[in-house]
Amino acid sequence: MPEKKTIERARRAKKEGKRPGTQAGEFVREEMDHIREGKHGARSTKQAIAIGLSKARRAGVKLSPPRKGQASTRTRKQAQRDLARGRSGRKASPARSAASKRALKREGASAASRSAISRQARSAARKR
């Protein structure tokens, strides 16, 4: 569940007329903070970003799933489910939440380091 201040920041961004990607950025920032605090880890920076975007979609940010060819079918389908969950207002079951948290706790915290994020940004820019 996202923190109240994160949802508030995203709402403020929406009110200011910012794009959904900017609103979702608040959730990605929160995710990076969680990893740095040691709340849990992530296998890669890409995974940390994906978790943040998933949280944003579930919180109601109208962030469209990646287009065909940009991401795997599995990723796209999951994004569609997250978007639908955000519209319906349903929460994930406690058992599922606990399982995903347990899996993330086994991962390291280096995915949210400055150098890892920088590397990810450069490679994403290169692809563009």
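Here are a few things to note about the model shown:
- Nonpolar atom fraction for the chain, defined as the carbon and sulfur part of the 1.4 Å probe accessible area, stands at 50 percent.
- Relative packing of 88-99, 1-12, 54-65, which averages over residues the other C-beta atoms within 10 Å, highest first: 54-65, 1-12, 88-99
- A protection proxy built from the mean count of other Cβ atoms within 10 Å ranks the segments 40-47, 121-128, 28-35, most packed first, as 28-35, 40-47, 121-128.
- In percent, rounded to a whole number, the relative contact order of the stretch 34-106 is 37, using alpha-carbon pairs under 8 Å and six or more apart.
- Cβ-derived FRET efficiency at R0 22 Å, A103 paired with Q80, nearest 0.05: 0.50
- Euclidean distance of C-alpha centroids, the stretch 58-128 and the stretch 2-46, integer Å: 11
- The label-point distance for K62 and M1, in a model that sets each label 7 Å from Cα toward Cβ, rounds to 2.7 nm.
- Between K15 and K127, the simple spin-label model (points 7 angstrom out along Cα→Cβ) gives 3.5 nm.
The values are calculated or read from the model by the stated rules, or taken from the named source; none is laboratory data. What you see is a predicted model; the values in this text were computed from it and never measured. We place every Cβ from the backbone using ideal geometry, glycine too, and count neighbours over all the protein chains shown. With ligands, DNA and RNA removed, areas are computed over all heavy atoms of the protein, side chains included. Shrake-Rupley method; radii C 1.70, N 1.55, O 1.52, S 1.80 Å.
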